[in-house]
Amino acid sequence: MNISVENPSRMQNRRIKQVFGLRYCDSEKVNLILEDIRSYLRRHEGIDQDKIIMVNFISFGGSSLDCQIYCFTKTTDWAAYLLIQEKVLLEIVKIIHGHDADIAFPTRTLDIPNTLHYESDVELPKQNASPPLEAVKF
């Protein structure tokens, strides 16, 4: 008797819950971006305004400032829900780009101290070319 029973026919909404990452170099723009996304969701005709709408900065990720949107559509129809979610996500990309910011992707930064030098047995190519790995001695 402790089992929770869900009845899909009584569903009134579908939830949109998405996490996206902003670049660390865009940290000063996060508040403005999130406020514009909130404003967009509050005006969207497919989003249920009687349900909670949350747009928040949620964590410092390994390569991004992680943000989340959480809201509900007015429809329960799967196809209509997917179209609404698609429009929301594409508009989020436009909002981010409108602030001269971008969505992050996994990156690594290599910090090489100034005291580190290398010797080469061969002459290194000029400009924008990497030396062969076997030719570099650290």
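Under the 0.36 nm per residue contour assumption, what length would be gained going from the current alpha-carbon distance of LEU32 and PHE57 to full extension? List each step's numbers first, then the result.
Values: separation 25, 0.36 × 25 = 9.00 nm, distance 1.15 nm.
So the extension gain works out to 7.9 nm.
What percent does the relative contact order of the stretch 11-98 come to when contacts are Cα pairs within less than 8 Å and at least six residues apart? Display every interim value, and only then the final one.
Values: 123 pairs, mean separation 34.4, N = 88.
It comes to 39 percent, rounded to a whole number.
Distances between placed amide hydrogens fall under 5 Å for ARG14 paired with THR73, THR75, all partners being 5 or more residues away or on another chain.
State the volume of the convex hull built on the alpha-carbon positions of the stretch 1-55, expressed per residue in Å³ and rounded to an integer. Display every interim value, and only then the final one.
Numbers: hull volume 7.2 nm³, N = 55.
Normalising the Cα hull of the stretch 1-55 by residue number yields 130 Å³.
Couplings for the stretch 17-25, taken from phi via the Karplus curve 6.51 cos²θ - 1.76 cosθ + 1.60 with θ = phi - 60°, read 9, 9, 10, 9, x, 9, 5, 4, 5 Hz in order; Gly and Pro are left as x.
I want to check the label-to-label distance for HIS99 and LEU82. Put each point 7 Å from Cα in the C-beta direction and report it in nm to one decimal. Inter-label distance under the simple model: 3.0 nm.
Computed over the stretch 11-98, the quotient of the alpha carbon radius of gyration and 2.2 N^0.38 Å is 1.09.
Can you tell me the length gained on complete extension of the stretch TYR24 to ARG10, counting 0.36 nm per residue apart and subtracting the Cα distance? Write down the numbers at each step before the final one.
On the way: separation 14, 0.36 × 14 = 5.04 nm, distance 4.25 nm.
Full-extension gain reported as 0.8 nm.
So, R0 is 41 Å and r is the distance between the beta-carbons of LYS17 and THR115; what FRET efficiency does that work out to, to 0.05? Please report the intermediate quantities before stating the final value.
Working: r = 48 Å, r/R0 = 1.17.
In this case the efficiency is close to 0.30.
Remark: the stretch 43-54, residue by residue, has Karplus-estimated 3J(HN,Hα) of 9, 6, 5, x, 9, 6, 6, 7, 9, 5, 10, 10 Hz, where x stands for each Gly or Pro and the curve is 6.51 cos²θ - 1.76 cosθ + 1.60 at θ = phi - 60°.
Taken together, the values in this text are just the output of simple stated rules run on the coordinates, not laboratory data. Since this is a predicted model, take the numbers as computed values, not measurements. Glycine also receives a Cβ, built like all others from the backbone with ideal geometry; neighbour counts cover every protein chain displayed.
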